[in-house]
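To start, the structure itself, in C-alpha cells.
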Amino acid sequence: MRVMVIIKATKNSEAGVMPSEELLTAMGKFNEELVAAGVMLAGDGLHPSHKGKRVRFSGGQRTIMDGPFAETKELIAGYWIWQVKSMDEALEWMKRCPDPMPGEESEVELRPLFEMEDFGEELTPELREQEDRLRTELERQQGV
C-alpha cells in the first residue's frame, strides 16, 4: 500500500524558518534508510503558504486566493510518499523519524492513497487502461 505522510506546518515553518544543519543531517540519514528499504517513493518540503495560492471551486466558478492562509495547523510543510505493507509498518517507520519541527509541537498525518482496485465497478476497463497509459507516460517522462 502507498501512504502519504503529511508533515503539518507550524508557526516557524510558516514564518520561513529553515531547518538546522543538524535536522537536515538527521532527515537525510532517515531518508537514506527509507530509500535503502525500498519504502520511500517521493518526498519534499514545501515553501510557506504566503508563496502559495488556493483555487476555490463553487457552482462552476473559480476564485483564486493568495496566501498566506490563516489556519497554520491545517497547512502542510512537507510530505513523503511511502510504499509499505500496512499502516502498522508506516507507523513503525514514523517512530524512527526525527522530530520534523524541533522546539515546537508538531504533527504528522499518515493517509493511505487510493489504489485502482478501491474504485470498484466505477473504474471501467477503459478508465483503467487510460490510468495505466498515463502512469506509463509519467514514468517515461521522469526517466523511470
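The values are calculated or read from the model by the stated rules, or taken from the named source; none is laboratory data. Worth saying up front: this structure is predicted, and the values here are computed from it rather than measured. Neighbour counts run over all protein chains shown; Cβ positions are idealised from the backbone, glycine included. These accessible areas exclude ligands, DNA and RNA; they are computed on the full protein's heavy atoms, side chains included. Shrake-Rupley method; radii C 1.70, N 1.55, O 1.52, S 1.80 Å.
Take A77 and decide whether it is small (G, A, S) and either touching a Phe, Trp or Tyr at 6+ places or on another chain (Cβ under 9 Å) or surrounded by fewer than 15 Cβ atoms within 10 Å (Cβ to Cβ) (or both). Explain how you work it out, then say what you get.
On the way: small (G, A, S): yes; either touching a Phe, Trp or Tyr at 6+ places or on another chain (Cβ under 9 Å) or surrounded by fewer than 15 Cβ atoms within 10 Å (Cβ to Cβ) (or both): no.
Here the answer is no, as A77 does not meet what is asked.
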Looking only at the stretch 16-43, how many residues end up being open to solvent by less than 90 Å² (accessible area, probe 1.4 Å) and either assigned to a strand (DSSP E or B) or charged (D, E, K, R) (or both)? 4
The stretch 123-144 residues that are more than 20 Å from L41 (Cβ to Cβ), paired with ones that are of a type outside the set (A, V, I, L, M, F, W, C) and open to solvent by 90 Å² or more (accessible area, probe 1.4 Å) (beta carbon under 8 Å, 6 or more apart): none
Which residues, counting only those in the stretch 1-36, are in contact (Cβ under 8 Å) with a residue 12 or more places away in the chain and among the aliphatic types (A, V, I, L, M)? M1, V3, M4, V5, I6, I7, A9, A15, L23, A26, M27, L34
Quickly run through the stretch 44-53 and pick out the residues that are in a helix (DSSP H, G or I) and touching an Asp or Glu at 6+ places or on another chain (Cβ under 9 Å). S49, H50
